[in-house]
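Take a look at the structure set out below.
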Amino acid sequence: MRITPSLLNADFAHLAGEAARIPGADFLHMDVMDNHFVPNLTLGAPVIEALAKTVEQPIDAHLMIEDPDRWAPQFVDAGAASVTFHVEAARAPVRLAREIRALGARASMALKPATPIEPYADLLPELDMVLVMTVEPGFGGQKFLDLCVPKIRRTRELIAATGGEIWLQVDGGVSLETIERCAEAGADTFVAGSAVFGADDPGAMVEALRERAAA
Ligand code: DX5
Ligand code: ZN
């Protein structure tokens, strides 16, 4: 079970300090938004590059942007260990996944809540991770969408059928209350933003989430 906290709800003036509060995090999940693919604007490759040089944890870049085919390679160059693109935005997801891997990062594909996994089953061997969104992307602090749980289960089945080691990440509304549902359905990698950075002790919350997911 991997916990990959989102820094979207952390203090943007002290990102490195916020990362230091969660030493047990497996990755730092960084939400990149372009105000086109989603109605919010956050940060880009220069911030990831500065952070990657400073923090202990590897960086998991979640690109909620148009034209990831054009921009994703920059995030690998910036030092992201894992780069997630949205399949709804990608022009050539197979080529893009291969390019991310060739540049040396883990390649990951995200699905919005209304996007089914089945049409993309054949792409799975090209990927190191699939991200099933459990809220509409764009903002932290939204309510977990239970309607996404069956898709987590189907994605796990399709991953198992490939025989490959592909991680299954969930993102959106993940908390002590909802993480078990995700784990039970087959998720093994968990983004949590407000649950972690809204806690008095974010580091302890990371471990509490990990324990609850494994229960
Ligand atoms: C939302 C982002 C998430 C967000 C999660 O579009 O992709 O990573 O930070 O925040 P919580 O855990 O508060 O839903
Ligand atoms: Zn995210």
Once both labels are modelled 7 Å past Cα along the beta-carbon direction, what's the GLU207-ASP146 spacing in nm? 3.2
Alpha carbon centre of the stretch 53-103 versus the stretch 128-145: separation in Å? 17
Taking the chain and counting helices only, DSSP H stretches of n ≥ 4 at -39,500 (n - 2.57) each over all residues, the nearest-500 ellipticity at 222 nm comes to -10000 deg cm²/dmol
Suppose the Debye formula is applied to equal point scatterers at every Cα of the chain; what is log10 I(q)/I(0) at q = 0.12 Å⁻¹? -0.54
So, in Å, what gap is there between the alpha-carbon centers of the stretch 165-213 and the stretch 1-44? 14
Using Cα-Cα distances under 8 Å and only pairs 6 or more residues apart, what relative contact order does the stretch 13-63 have, in percent? 47
Could you list LEU176, LEU15, LEU131 so that the one with the fewest beta carbons within 10 Å of its beta carbon is first and the one with the most is last? LEU176, LEU15, LEU131
To check you understand DSSP bridge types, tell me what percent of the beta bridges within the stretch 2-214 (both residues inside) are antiparallel, rounded to 5. 5
Under 14 Å by backbone N from the virtual spin label 7 Å along Cα-to-Cβ at GLU56, the residues of the stretch 27-44 are 27-28
Lys and Arg at +1, Asp and Glu at -1: neighbours of SER6 with Cβ under 14 Å from its Cβ sum to -4
With charges only on Cβ, +1 for K and R and -1 for D and E, what is the dipole size of the stretch 2-214 about its Cα centre, in debye, rounded to 20? 320
What ranking do HIS62, HIS36 get, fewest neighbouring Cβ atoms within 10 angstrom at the top? HIS36, HIS62
Per 0.36 nm of contour for each residue apart, how much would the distance between ARG101 and ASP69 grow if the chain were fully extended, relative to their Cα-Cα spacing? 10.2 nm
Between ALA214 and ALA81, with labels modelled 7 Å along Cα→Cβ, what's the label distance in nm to one decimal, could you check? 1.8
Ordered by fewest other Cβ atoms within 10 Å, a rough proxy for footprinting exposure, LEU7, LEU145 read LEU145, LEU7
Let me check I've understood the local charge: for GLY172, count other residues with C-beta under 11 angstrom from its C-beta, Lys and Arg +1, Asp and Glu -1. What total comes out? -1
Could you pull out every one of the lysines with an alpha carbon less than 17 Å from that of LYS112, ignoring same-chain neighbours closer than 8 positions? LYS143, LYS151
Starting from the Cα of VAL94, step 7 Å along the direction of its Cβ; do the same at LEU41; then give the gap between the two resulting points in nm. 3.7
For Cα pairs less than 8 Å apart in space and 6+ apart in sequence, what is the mean separation divided by the residue count of the stretch 2-214, i.e. the relative contact order in percent? 20
Say we join alpha carbon atoms closer than 10 Å with springs in a Gaussian network model of the chain; which of ASP60, ASP122, ASP31 then has the biggest fluctuation? ASP122
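Every number here is computed from the coordinates shown, using simple stated rules; none is lab data. Because the structure is predicted, anything quoted here is derived from the model rather than measured. Because the Cβ atoms are built from the backbone with ideal geometry, glycine has one as well, and the counts that use them run over all protein chains shown.
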